[in-house]
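Just so you know, all these numbers are worked out from the coordinates, no wet-lab data involved. Just so we're clear, the structure is a prediction, and the values are computed from it rather than from any experiment. Don't worry about glycine lacking a Cβ; one is built from the backbone with ideal geometry, like all the others, and counts go over all protein chains shown.
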Amino acid sequence: SLKPLESVSDSNTRPAPVLTAAPVRALVDEQVSIRGHFLPLHCPVTLHARMHSDEGDLWESFAHYNADERGTFITRDPSVGGSYLGCEPMGLFWSMQPAPGGREGLRLRKKSVESPYTVHVSLLEGHVSTSEGQWSELAAVTVERWYIAPGVKRIEINQNGLVGTLFIPPGPGPFPAMLDLWGMGGGLQEYRSSLLASKGYVSFSLAYFGHKDLPGPPNCINVGDSYFKAAFLLLQDHPQVVSDRVGIIGLSFGCYLTLRIPTKTGVKVRHEAYFINLSNVFGTFNSWFLDHQIEERLRSAGKSHLLTRLSYPGAGHLIEPPYSPSARTSISDVSAAVITMWGGHPALHAAAQEDAWKKILDYLEKNLRS
């Protein structure tokens with residue numbers, strides 16, 4: 001049977017518990033293994049992870065473990081309670097949610113990729129949760145989660161009407177490249193581009209809506225096909241880019257743009273290939289219907305063989321880099337009066353993000369490097 005820690009510990013004869021993490025500094029798509037040592041045999045403990053977003057909001061998660069017959073546990077062991085259940089080696093990270101008492105309607109997005117998320121992980125006595133305010137911390141470790149690898153260059157672009165950020169991998173190149181397009185949340189999101197550059201791709205995150213440096217009303221798309229063509233050509237003509245190995249990646253409305261740009265702008269690519277993530281979305285729009293329309297159009301054009309299509313039942317709309325906390329709803333960046341429903345169930349969504357990212361990288365490796 002499980003024994004409370006205080007009934008079996010003896011500070012005079014037993015080494016103090018230790019919490020370790022490997023690696024302590026890693027990219028966000030890399031797994032981290034956290035292990036507890038020197039615990040009383042079979043005792044119940046909790047891991048409590050907490051960090052602050054770039055806006056200053058506190059995010060946290062809890063996982064309940066039981067030490068084994070050697071007085072150890074590791075995060076690949078099954079969690080028996082807390083923010084997630086079962087064997088989820090990265091559950092402590094993807095299950096994080098805003099701490100009680102904080103702002104409502106938050107969605108975690110990295111605003112400054114040049115600094116990490118610093119995650120403080122505490123080892124707590126017993127099985128505790130957010131509803132209990134007094135904790136006895138037995139040990140702790142701090143982990144840094146980065147969206148950019150050492151040596152990646154970040155270059156702000158605001159020239160010839162284009163607005164965005166260019167990321168270039170370390171080394172002379174030339175490299176394959178990606179044009180990175182986000183959705184109707186607007187603004188400029190850099191964290192996927194910086195991560196792609198960390199994998200060896202020049203990546204250009206392009207703003208096209210809701211950015212202060214773009215012309216026209218902020219809540220409208222005021223750029224046309226020529227804008228996206230110019231962004232593609234900026235990559236294609238860059239001296240550190242292999243000109244016939246440029247791809248496009250999109251999320252949400254950005255997916256529509258990834259299909260429109262090759263067909264409407266006249267940009268020349270070495271070959272065409274389409275990779276679609278299909279997720280079931282509750283309360284927003286029917287992605288299943290839209291993706292089948294895309295599939296039908298490719299079939300009618302005799303290009304259905306170029307399509308790779310993934311379906312993730314139970315996942316939400318926002319398929320982001322792996323181990324990112326999901327948000328079923330959030331306040332819109334365009335208007336604080338609008339609540340966006342993204343859908344999805346946390347564990348299924350986390351599994352979808354991990355699988356999709358691996359398949360995206362494999363796909364890029366095959367089509368842009370081989």
So how strong a dipole does region 153-369 carry about its Cα centre when Lys and Arg Cβ are +1 and Asp and Glu Cβ are -1, to the nearest 20 debye? 380
Using the Cα centre as the reference, give the magnitude of the dipole from point charges on the C-beta atoms of region 5-146 (Lys, Arg: +1; Asp, Glu: -1; all else neutral), rounded to the nearest 20 debye. 300
If I stretch the segment between residue 154 and residue 87 completely, what's the gain in nm (0.36 nm per residue apart, minus their alpha carbon distance), one decimal? 20.4 nm
Rg over Rh of region 52-111, using C-alpha atoms and the Kirkwood radius, what does it come to? 1.08
At what distance in nm do the modelled label points of residue 136 and residue 103 sit from each other, each positioned 7 Å from its Cα along Cα→Cβ? 3.7
Over region 153-369, calculate the relative contact order: mean separation of alpha carbon pairs under 8 Å at least 6 apart, over the residue count, as a percent. 17
I need to check one value: relative contact order of the chain, counting alpha carbon pairs closer than 8 Å and at least 6 residues apart, in percent. 14
Can you list the equivalent-ellipsoid semi-axes of region 153-369, largest first and in whole Å, using the square root of 5 times each Cα gyration tensor eigenvalue? 25, 21, 18
Solvent-free Debye scattering, log10 I(q)/I(0), computed from the Cα coordinates of the chain at q = 0.13 Å⁻¹: -1.06
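Helix-only mean residue ellipticity at 222 nm, the chain, DSSP H runs n ≥ 4 weighted -39,500 (n - 2.57), per residue, nearest 500. What is it?
Roughly -6000 deg cm²/dmol at 222 nm, from the helical runs in the chain.
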Can you tell me the FRET efficiency between residue 304 and residue 341 if r is taken as the Cβ-Cβ distance and R0 is 30 Å, rounded to the nearest 0.05? 0.45
Evaluate region 150-190: find the radius of gyration of its Cα atoms, find its Kirkwood radius, and give the ratio Rg to Rh. 1.00
Around residue 74, what is the net charge, scoring Lys/Arg as +1 and Asp/Glu as -1 over all other residues with Cβ under 13 Å from its Cβ? 0
Theoretical gain in end-to-end length, residue 260 to residue 68 [0.36 nm per residue, Cα-Cα removed]: 63.6 nm
Going down the table (268/359; 229/358; 264/303; 199/366; 111/153), which pairs top 22 Å between alpha carbons? 268/359; 229/358
Taking region 5-146 and dividing mean pair separation by its residue count, relative contact order in percent (alpha carbons under 8 Å, at least six apart): 28
Write down the Å³ per residue value for the convex hull defined by the alpha carbon atoms of region 5-146. 111
